[in-house]
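Structure, as structure tokens:
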Amino acid sequence: MQKGRGRTSRIRRRKLLRTSASGGGTGRGLMSKTSLREGQMIISLPESCLLTTDTVIQSYLGPYITKWMPPPSPLLALCTFLVSEKHAGDQSLWKPYLDILPKSYTCPVCLEPEVVDVLPQPLKAKAKEQRARVQEFFASSRDFFSFLQPLFVEAIDSIFSYSAFLWAWCTVNTRAVYLRPRWRECLSAEPDTCALAPYLDLLNHSPHIQVKAAFNKETGCYEIRAASRCRKHEQVFICYGPHDNQRLLLEYGFVSLHNPHACVYVSTEMLVKYLPQTDKQMNKKISILKDHGFIENLTFGWDGPSWRLLTALKLLCLETEKFMCWKRVLLGEVISDTNEKTSLDLAQKICNYFIEETSAVLQKVSDMKKEKVSLINQLILVETLWMEELKILQTSAEILNSLQTPFP
Ligand SMILES: C[S@@+](CC[C@H](N)C(=O)[O-])C[C@H]1O[C@@H](n2cnc3c(N)ncnc32)[C@H](O)[C@@H]1O
């Protein structure tokens, strides 16, 4: 899709993509009307069609933003513009775009607290953090909203309500594309990297796809090129990043089935849950793990326990007389058959514990679905996440079984 070269090329371009409502649970997406070659342009959106902080500063909000001290953040400028334009309804130049934006979102900040409570632990903590951050962001922006009152006939609180603000925040968070950082004197120093890209933001995520997406300074367009072939009448996907499912749910409000990056996180408490309390070197072992960055991002994945998880377990299982070998453990060396066997046994125990815990939560979610029908969509989302985690754990348990075979 090169830039305009007459009517024929414009018609051809118009034919390339079509909005489609997908049955695959991805919401609306874009379908290719022709087959796409590797490297072919999928979308090229001129800068003038992007909604950036420049759009906001050049609008009726500009003088208010320039006068407000301390300067509003780029994110506040974008959210304010979205709320204000949505309120303008038919009067808004952005109405065609605003009309196709989702009416509600499923990021954890929008989930009911009882649904957040049944999220996996690491995600639950991040979801609560996200909610607190957005609430604080809203509370600290209210004086700025009041300052905008002269622009509106209605009371400012009725326009810039928490629900309107939350909608705008989720719109930016789930749909913005990345632009290289720009600096504006009238905005705070936080990185100004978000742009809303109408229609381009209808592209759904697939972890299996690679695309080239970036702003092209030479053409002045935000461009997306296919990195692999796409057949005619298939949905065109892009990849939002190599994110695991907890991150996809946190940032975008969905879970990807068969996601190769999906994993189950193992906390420090779980690491030590089955270890003998009598090990006098335990505290020392844990500080070694902390000092060498082996206490976080320990996971089970589709390939079984990660190398980092197994290494951490090997160090924790190190026999007293072999303690001085700890550096070799972190380098991946085999210290003894006993150490190999006890660490695999421990991994299996942790995995089995997770399988039981996951099955119990799935039962609880299934009961909640019957009792709280109004929360059904939120609960299905959480259930999908747990079901994917269960599949990963079951696969890991099988892999661990086969790894344990050489050690009877
Ligand atoms: C940039 S928008 C894509 C267009 C969106 N489907 C729509 O109807 O407007 C990103 C949102 O699409 C949805 N989405 C994207 N990829 C998905 C996928 N693989 N599975 C489920 N939902 C997906 C999520 O709600 C996400 O927050």
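Ordering 300, 362, 275 by the projection of their Cα atoms onto the charge dipole of the stretch 264-368, which places +1 on the Cβ of Lys and Arg and -1 on the Cβ of Asp and Glu, puts 275 at the extreme positive end. Shape index of the stretch 257-408: Rg/Rh, with Rg the Cα radius of gyration and Rh the Kirkwood radius from the inverse mean 1/r over Cα pairs, equals 1.05.
The orientation-averaged projection of the convex hull spanning the C-alpha atoms of the stretch 67-206 amounts to 10.0 square nanometres.
Relative to the longest principal axis of the Cα atoms of the chain, helix 376-404 runs at roughly 30 degrees.
For the chain, what's the relative contact order in percent, using C-alpha pairs closer than 8 Å and at least 6 residues apart? Value for the chain: 18 percent. According to the Cα-based calculation, Rg over Rh for the chain is 1.04, with Rh computed by the Kirkwood formula. You can think of it this way: the chain between residue 139 and residue 303 has 54.6 nm of extra reach, that is 0.36 nm per residue less the Cα-Cα gap. Residues 258, 205, ranked from the fewest to the most other C-beta atoms within 10 Å, line up as 258, 205. Size descriptors for the stretch 332-408: radius of gyration and Dmax over Cα atoms are 17.2, 56 Å. Computed from the alpha carbon atoms alone, the convex hull of the stretch 152-264 holds 184 Å³ per residue.
3J(HN,Hα) along the stretch 45-54: 10, x, 3, 5, 8, 7, 9, 10, 5, 4 Hz, from the Karplus curve 6.51 cos²θ - 1.76 cosθ + 1.60 with θ = phi - 60°, whole Hz, x for Gly and Pro.
Given R0 = 22 Å, the distance between the Cβ atoms of residue 161 and residue 60 translates into a calculated FRET efficiency of 0.60. When each of 365, 264 is scored by the number of other beta-carbon atoms lying within 10 Å, the sequence from fewest to most is 365, 264. Annotation for residue 336 and residue 114: the two label points, set 7 Å from Cα along the Cα-Cβ direction, are 5.3 nm apart. Let me know the number of lysine pairs in the stretch 7-252 closer than 22 Å at the Cα, not counting same-chain pairs under 8 apart. Lysine pair count for the stretch 7-252: 9. Using Cβ point charges alone (K and R +1, D and E -1), the dipole size of the stretch 310-350 about the Cα centre works out to roughly 140 debye. Which residue fluctuates most in the GNM of the chain (Cα springs below 10 Å): 106, 34, 174? Greatest mean-square fluctuation among the candidates belongs to 34.
Computed about its Cα centre, the charge dipole of the chain is approximately 1860 debye, with only Lys, Arg, Asp and Glu carrying charge at their Cβ.
Listing 247, 328 from fewest to most neighbouring C-beta atoms within 10 Å gives 328, 247. Sorted largest first, the principal axis extents computed over the alpha-carbon atoms of the stretch 139-199 equal 36, 29, 20 Å. Cross-link partners for residue 314 among the lysines, with Cα-Cα distance under 27 Å and sequence neighbours closer than 8 places in the same chain left out: 273, 280, 284, 285, 290, 322, 327, 341, 349, 391.
With helices as the sole contributors, the chain gives -15000 deg cm²/dmol at 222 nm; each DSSP H run of n ≥ 4 counts as -39500 (n - 2.57), and the sum is divided by every residue. Look at the alpha carbon pairs under 8 Å that are at least 6 residues apart: their mean separation over the length of the stretch 264-404 gives a relative contact order of 29 percent.
Spin-label model, residue 387 to residue 322: label points 7 Å out along the Cα-to-beta-carbon direction sit 4.2 nm apart. Find how many whole Å separate the alpha carbon centroid of the stretch 154-202 from the alpha carbon centroid of the stretch 263-294. Here the two parts' Cα centres lie 41 Å apart. Take each peptide in 156-169, 212-225, count the other Cβ atoms within 10 Å of every residue, and average; sorted highest first, the result is 156-169, 212-225. Considering only Cα atoms, the convex hull volume of the stretch 198-291 works out to 170 Å³ per residue.
Laboratory data are not the source of any read-out in this text; all were calculated from the coordinates shown. Fair warning: this is a prediction, and the values are worked out from it, not measured in the lab. With ideal geometry, Cβ positions are generated from the backbone for all residues, glycine too; neighbour counts draw on all protein chains shown.
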